[in-house]
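See structure below.
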Amino acid sequence: MAMRILTAAILAILLAAAPAGASDGLPQPDGEVVLTITGAITRTNRDGAADFDRAMLERLGTAHLATSTPWTEGVPVFEGVPMAALLDAVGAEGTVAVGTALDDYGADLPLGELREYAVLLAMRMNGELLTVRDRGPLWVVYPRDQVAAFMDPRHNAKWIWQLRRLDIR
Ligand SMILES: Nc1nc2c(c(=O)[nH]1)N[C@H]1C(S)=C(S)[C@@H](COP(=O)(O)O)O[C@H]1N2
Ligand SMILES: [Mo]
């Protein structure tokens, strides 16, 4: 009996000591980290941050979005993670995602809009992985051909290409 209590006590201590990031289900990246999410998030995989490699993003489930853009020819088919799924994966709690790109460009992405519409974090265009040259590896793509309001050029600033981090506030 005493032994069983001792075992239970040790188990409780071990569970309490487990790092938050390891116990809440967000796995560790093992490839190159392409996206880091910080700020008002409840799920992390290191101190205060959620790092993603490409495989982790793909495991969240990908979707397709065919839309014209001001920067491409025709109607490319983009494939990537719906921003809503990404926000869910990290337990985002704020109202805005402040995005920063490899070139240090920054823009505010309202979370309400990311959840309501099929905004995509694109990794591929017409089946090909996006390279840094063609605005990859991650490009925020709005459903411009699907939602008339997104045709307005005032939304263009939110199409962050070469996205590297999101800070949820
Ligand atoms: N990485 C990155 N993404 C970016 C930008 C940038 O400079 N760097 N400019 C943004 C802004 S302010 C707008 S209006 C459009 C810019 O498109 P343009 O260069 O064709 O005007 O992309 C957005 N995405
Ligand atoms: Mo802009």
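When the chain is fully extended, how far beyond the present Cα-Cα distance does D134 get from E116, taking 0.36 nm per residue of separation?
This chain segment gains 3.8 nm when fully extended.
Considering Cα pairs under 8 angstrom that are at least six residues apart, work out the relative contact order of the chain and quote it in whole percent.
Relative contact order of the chain: 23 percent.
Could you work out the helix-only [θ] at 222 nm for the chain, with each DSSP H run of four or more residues adding -39,500 (n - 2.57) and the total divided by the number of residues, to the nearest 500 deg cm²/dmol?
It lands at -6500 deg cm²/dmol.
Tell me the carbon and sulfur percent of the accessible area for region 125-169, rounded to whole percent, probe radius 1.4 Å.
52
Would you mind telling me which residue in A97, A40, A55 has the biggest mean-square fluctuation in a Gaussian network model of the chain, where springs connect alpha carbons within a distance under 10 angstrom?
Largest GNM mean-square fluctuation: A55.
Roughly speaking, to the nearest percent, how much of region 18-103's 1.4 Å accessible area is carbon and sulfur? Could the numbers behind the result be given before it?
Numbers: 1980 of 3880 Å².
The nonpolar share, carbon plus sulfur, comes to 51 percent.
Averaged per residue, what accessible surface does the chain expose to a 1.4 Å probe, in Å²?
So the chain comes to 52 Å² accessible per residue, rounded to a whole number.
Helix 2-17: angle to the longest alpha-carbon principal axis of the chain, degrees 0 to 90, nearest 10?
Taking the Cα atoms of the chain, the angle to 2-17 is about 30 degrees.
Sorted by accessible area (1.4 Å probe), largest first, how do V90, V132 line up?
Highest to lowest solvent-accessible surface, that is V132, V90.
If you line up the Cα atoms of the chain on their principal axes, what length do they span on each, largest first, in Å?
Each principal axis gives a Cα extent; for the chain these are 73, 30, 27 Å.
Just tell me the longest site-free run in the chain, where the sites are chymotrypsin sites (Phe, Trp or Tyr not before Pro) in a DSSP loop having at most 15 other beta-carbon atoms within 10 Å.
1-70
The values are calculated or read from the model by the stated rules, or taken from the named source; none is laboratory data. Note that the structure is predicted; figures quoted are calculated from it, not measured. Here Cβ is always computed from backbone atoms with ideal geometry, including for glycine, and neighbour counts include all displayed protein chains. Note: accessible area is taken over every heavy atom of the protein model, side chains too, but ligands, DNA and RNA are not part of it. Shrake-Rupley method; radii C 1.70, N 1.55, O 1.52, S 1.80 Å.
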